[in-house]
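Enquirer: Input: one structure, supplied below.
Values in this text are rule-based calculations from the coordinates and carry no lab data. In this text the structure is predicted, and so the values were computed from the model without any measurement. As a convention, Cβ positions derive from the backbone with ideal geometry for all residues, glycine included, and neighbour counts pool all protein chains shown.
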Amino acid sequence: MPRQAYDIVIVGGGPAGLAAGLYAARARRKTVLLEKGVIGGQIALTELVENYPGVPSVNGFDLAQTMLKQAESYGLETQFAAVTALEQEGKRWLVRTAEDEYVGKAVIVTAGDARQNAARQVVSSASDGATAAIAAEHYLSSNFAAEE
């Protein structure tokens with residue numbers, strides 16, 4: 001199983017995961033977002049979103065795709081895979097999927113409420129992607145400064 005190394009691994013591709021990916025990528029952190037379903041999560045399945053700040057109304061799928069495009073323009077990588085395990089290996093995290101393994105210095109879990117997985121027991125889930133990305137940046141700066 002190939003291992004791929006990242007600064008930040010994001011589990012979940014809903015709005016919080018996409019926001020975390022945007023902020024992490026803008027901070028020039030090598031970041032991958034893992035999503036098992038559709039990018040955008042529940043919002044992508046919503047025909048009309050009328051409560052997104054700054055946008056009077058928009059199709060949910062279109063909003064999710066716009067968010068993804070913006071995050072990817074800064075270097076976010078996206079992989080479609082279900083996370084099967086999350087384990088700590090020293091100062092790093094091993095995130096397993098059926099086909100690959102991702103090693104991250106930090107993991108942000110933004111999996112929605114419909115998902116029940118072991119990762120929630122290990123890492124706090126983030127409802128605000130920007131806050132999660134800032135916390136991950138602080139963690140990386142504090143714990144991996146000598147490596148950068």
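Enquirer: Please work out the FRET efficiency for the pair Asp100 and Tyr52, using the Cβ-Cβ distance as r and a Förster radius of 35 Å; give the result to the nearest 0.05.
Expert: 0.60
Enquirer: While we're on this one: How would you order 96-103, 137-144, 8-15 from highest to lowest mean count of nearby Cβ atoms within 10 Å?
Expert: Those peptides, ordered most packed to least, come out 8-15, 96-103, 137-144.
Enquirer: Using a Förster distance of 30 angstrom, determine the FRET efficiency expected from the C-beta separation of Ala85 and Asp62, and round it to 0.05.
Expert: 0.35
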